[in-house]
Amino acid sequence: MIPNVLSIAGSDPSGGAGIQADLKAISANGAFAMAALTALTAQNTQGVSAIHLVPPEFVATQIKAVFDDITVDAVKIGMIANASIAEAVAGALKTCTAPIVLDPVMIAKGGAPLLQPDAVVIVRDKLLPLASLLTPNLPEAAHFLGTTPATTRADMERQGRALIDMGPRAVLMKGGHLDGADSPDCLVTAQTTTWLESPRVTTKNTHGTGCTLSSASAAQLAKGQDMPDAVAAAKAYVSTAIANADLLNVGTGHGPTHHFANFEASTS
């Protein structure tokens, strides 16, 4: 049977990030995509101009409606926005036994804050312990730890292990902010460290890569892959999506990745 994946995140009307990217990535990775919205944003490839938050109780009601009727095989959590919504999501998922992938969306690519300061504590204390996989970029990881972003692979491993101590079963430290010709990610668990390598693609069209990677990972976990294989498959998928991003003509800023590049290649 095709597994079901629920994304809990904000909306991006330009289609490159947020719920829209999640639905595409989950579908492209062979799962049925569902969505509970935490926020509506007004944004495009140049940035976020406005945010309208969904009432926390309605966020929880959306999640409950899905779980009351549908078998959920994995959950992806993206934009949470504020402390009240973080509390609502944590409460709604406290009995969830499916894998939970948490992408701690804090700042939009254009610089707009997407997580209010008081929410960071709730996300850290109540959502991180629920996470099967946490997928921070280097500034996000540093923000949780109250330190400066990693600049070396040794820093990435060290910070990943410090995040494990906060409760998630695995942490994928995304190395896209490192300098160099490669874009390495580091998967850390309590027992292991695994490096996932890929060349850096020269393109400005990387809008929504974090949303896409976390959603692809959730879909792979829902299909029964173990953590290292799920993350490796998700990273390979995202690398292909970025490599083909310039085939799209979406906006004049940071455009989206090509979520269905693999599908188009298989049918051409």
Highest to lowest packing among 232-238, 149-155, 64-70, scored as the average C-beta count within 10 Å: 232-238, 149-155, 64-70
Flagged links, alpha-carbon separation over 18 Å, of LYS174/LYS235; LYS64/LYS223; LYS94/LYS223; LYS76/LYS223; LYS126/LYS223: LYS64/LYS223; LYS94/LYS223; LYS126/LYS223
Burial ranking of peptide ranges 71-82, 129-140 (average Cβ count within 10 Å, highest at the top): 71-82, 129-140
Heavy-atom surface of the chain, accessible at 1.4 Å and reported per residue (Å²): 43
Alpha carbon centroid spacing (whole Å) that separates region 30-48 from region 134-192: 25
Pairwise Cα inverse-distance average, inverted: Kirkwood Rh of region 138-203 (Å): 12.0
Over region 190-263: Rg over Rh, Cα atoms, Kirkwood Rh: 1.02
Percent carbon-and-sulfur accessible area, region 6-66, ignoring ligands, DNA and RNA, probe 1.4 Å: 63
Pairs of alpha carbons in region 1-91 whose separation is greater than 19 Å (percent): 39
Which of LEU114, SER215, GLY16, positive extreme of dipole for the chain (C-beta unit charges): LEU114
Cβ-based charge dipole, the chain, positive-most Cα from GLY30, ALA154, SER49: ALA154
Hydrodynamic radius (Kirkwood) for region 68-215, which is based on Cα pairs only, to one decimal in Å: 15.7
GLN46/GLN191 FRET efficiency (R0 41 Å; Cβ-Cβ; nearest 0.05): 0.40
Two-decimal log10 I(q)/I(0) for region 1-159, as the Debye equation yields it once each C-alpha is a single scatterer, q = 0.12, 0.17, 0.18, 0.21 Å⁻¹: -0.51, -1.02, -1.14, -1.46
Cα gyration tensor, region 117-170 - rounded (a/c under 1.5), prolate or oblate: oblate
Unit charges on C-beta of K, R, D, E only; dipole of the chain, Debye: 100
Alpha-carbon radius of gyration plus Dmax, which is the widest Cα pair, for the chain in Å: 16.8, 49
Hydrodynamic radius (Kirkwood) for region 148-242, which is based on Cα pairs only, to one decimal in Å: 13.7
Point-charge dipole on Cβ atoms (K/R +1, D/E -1) for region 90-190, about Cα centre, debye to 20: 260
Semi-axes of the equivalent ellipsoid for region 177-217, Cα gyration tensor, largest first, Å: 21, 15, 7
ILE100 long-range amide H proximity, modeled H, under 5 Å: VAL75, SER132, LEU133
Percent carbon-and-sulfur accessible area, region 161-268, ignoring ligands, DNA and RNA, probe 1.4 Å: 54
Length-normalised contact order of the chain in % [C-alpha pairs under 8 Å, at least 6 apart]: 19
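The values are calculated or read from the model by the stated rules, or taken from the named source; none is laboratory data. What you are looking at is a predicted structure, and each value in this text was computed from that prediction instead of being measured. Every residue, glycine among them, receives a Cβ derived from its backbone with ideal geometry; neighbour counts consider all protein chains shown. Areas reflect the complete protein model, heavy atoms only, side chains present, ligands, DNA and RNA absent. Shrake-Rupley method; radii C 1.70, N 1.55, O 1.52, S 1.80 Å.
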